[in-house]
Amino acid sequence: MPIYEYTCGDCGLDFERLVLGGRTPSCPECASENLARRLSLPRVKSSTTREMAMRAARKRDAGQARDRMHERIRYEESHDRHG
């Protein structure tokens, strides 16, 4: 039971579908059957790709924490002036 990736020719939505028995799927957004099957690349997991993913996640999390801290400081400063 393969999972294929498609792009809808009418609305441009990219999506995946499990295809059973050669049936033609339809777009979940607009129900069109004007679909182009995309080339699916295999996903490789190794210690290198895992480390790259972890570094990216740590960088993302640090940025989000920094943004939350700046937002909290702005909130506290605005309430200190008005309260």
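The values are calculated or read from the model by the stated rules, or taken from the named source; none is laboratory data. Every value quoted in this text rests on a predicted model; they were computed, and no experiment measured them. Because the Cβ atoms are built from the backbone with ideal geometry, glycine has one as well, and the counts that use them run over all protein chains shown. When the accessible area is computed, the model is the full protein with side chains, heavy atoms only, and any ligands, DNA or RNA have been set aside. Shrake-Rupley method; radii C 1.70, N 1.55, O 1.52, S 1.80 Å.
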For segment 4-53, state which trypsin sites (Lys or Arg not before Pro) are in a DSSP loop and have at most 12 other beta carbons lying within 10 Å of their beta carbon. Arg23, Arg43, Lys45
Can you tell me the accessible area per residue over the chain, all protein chains present, probe 1.4 angstrom, in square angstrom? 88
Taking protein heavy atoms only, a 1.4 Å probe, and rounding to whole percent, the accessible area of the chain owed to carbon and sulfur comes out at 52
Output the Cα-based Rg and Dmax of the chain in Å, rounding Rg to one decimal and Dmax to a whole number. 22.3, 67
So, counting K/R as plus one and D/E as minus one, what does the shell of residues with Cβ under 14 Å around Ser40 add up to? +1
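Taking loop as defined by DSSP and a crowding limit of 16 other beta carbons within 10 Å, which GluC sites (Glu not before Pro) in segment 39-76 fit?
Sparse-neighbourhood loop GluC sites (Glu not before Pro): none present.
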